[in-house]
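Asker: The structure's right below; bear with me while I get my questions together.
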Amino acid sequence: MPRLSLFMPGLRPVGAAAAPAALARLLARADWQPAPQTLPRMLLTQLGLAADAALPIGPLCALHDLALTSVDAGWCRADPVHLRADPRLVLLLAPGQGEVAVEEAAAAVAALNAQLPECEWRVGRSPERWYVRAPDLEHSSPYGPAWLSGRSVTPFISRAPSARRWRGLFNDAQMVLHALPLNELRAARGLTALNALWLWGSDGAPAAGPRPAVAAAIGNDVLLAGAAQTAGVAWTPAAGAAELLTRLEREDLLLMLDAPWGAALPDAPLMTLETFAHELLPALWRALGRNGFEAIELFGETACGRLRPGGRWRFWRRATALAPGDCHDLPELP
């Protein structure tokens, strides 16, 4: 019986933003239990990839972003950032979408390839996403600049011997970027310098796990796109309500909201939680239980839930311990 697996990055215990009325009703009437894994690991599991060991964010993103034909475990995200030092700490500041020009990214990556030729450097589909192919890079953070922006970077730099290569490349890249003329031009426009790279997401290659739990994946996220390609699952960045309901008559679907790891296609629409609540959820609510569509499975940061047709009539359930929030929030970290 077809079902919808709905991934909601940023869904956490109450304390976040209030949910739209339709979404609050869905959350209140579903049955919940603690999440068995982190959200990215649950995503890989749903797509039929083993997620109990490696979390290969970099290689999977690179597969889609660089239009590769197969996954290469040597690729790591190397996104440009601004490091600002004061007497007590070093802050990492991530550029916002549109704050890095295509020409700036191309010039910086050309300089990295020229001055650090032992690695291969490339720009992804968005000028804020860069990559490095460094097969001997054993250590990198699972958190990208969007999660770390505004934080001290020091706690996220490992001092373990296995991270020596990571630290060396991190420092070498800073020296290359610091001298680039484009940073003087950025300063003249009131923009922060791109004076460092954050190397992250390198954790081996994905391994085959159980059979995919869904037939297709929908969502404009680069990690989702790469993981779906690896798993042999059909992927599309977006779908309207009519298309979604038609497909749910015959197959299990995965729908991912927002784009925590970056938009797979920067010019394509992005399904935010608010857009989903107003444009898709009312139709899904009415269709649940018809034409074989039997359940909405919910995946949040800390909990998983399920709503079956009969659950819609739990009128006495008016509140839930969960609400939407920032998908890049890391409250448990320094």
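Every number in this text was worked out from the coordinates using simple rules, so none of it is lab data. Predicted model only: the values in this text are computed from it and were never measured. Counting neighbours? That spans all protein chains shown, and the Cβs are built from the backbone with ideal geometry, glycine included.
Asker: Hydropathy first: keep DSSP H helices in the chain averaging at least 0.5 on Kyte-Doolittle, then drop any whose Cα extent along the axis falls short of 15 Å, and list what survives.
Answerer: For the chain, where a helix must reach 15 Å along its axis and average at least 0.5, the hits are 102-115.
Asker: Which order do C119, C76 fall in if you start with the one that has the fewest other Cβ atoms within 10 Å?
Answerer: In order of increasing Cβ crowding within 10 Å: C119, C76.
Asker: Between W130 and residues 5 or more places away or on another chain, which pairs have amide H atoms under 5 Å apart, with H built 1.01 Å from N, and which residues are they?
Answerer: The list, which skips near neighbours in sequence, is A78, D79, G124.
Asker: Percent antiparallel among DSSP beta bridges with both residues in the chain, to the nearest 5?
Answerer: Antiparallel: roughly 65 percent of the beta bridges in the chain.
Asker: Can you give the Rg and Dmax of the chain based on its C-alpha atoms, in angstrom?
Answerer: That works out to 20.8, 65 Å for Rg and Dmax.
Asker: While we're on this one: What translational diffusion coefficient, to the nearest whole µm²/s, does the range 221-323 have by Stokes-Einstein, given a Kirkwood radius computed over alpha-carbon pairs, a temperature of 4 °C and 1.567 mPa s viscosity?
Answerer: 85
Asker: Would you grab the residues whose amide H sits under 5 Å from the one on A50? Only those 5+ places off in sequence or on another chain, please, with H modelled 1.01 Å from N.
Answerer: Residues meeting the amide H criterion: A207, A208, G209.
Asker: Can you give the FRET efficiency for W285 and S70, using 1/(1 + (r/R0)^6), R0 = 41 Å, r = Cβ-Cβ distance, to the nearest 0.05?
Answerer: 0.50
Asker: Please compute one quarter of the surface area of the Cα convex hull for the range 72-200 and express it in square nanometres.
Answerer: If you wrap the Cα atoms of the range 72-200 in a convex hull and average its projections, you get 7.8 nm².
Asker: List the residues whose amide H sits under 5 Å from the amide H of A216, counting only those 5 or more places along or on another chain, with H placed 1.01 Å from N in the peptide plane.
Answerer: So A216 has HN proximity to L254.
Asker: With a ≥ b ≥ c the root eigenvalues of the C-alpha gyration tensor of the range 17-75, is it rounded (a/c under 1.5), prolate (a/b larger than b/c) or oblate?
Answerer: Cα axes put the range 17-75 in the prolate bin.
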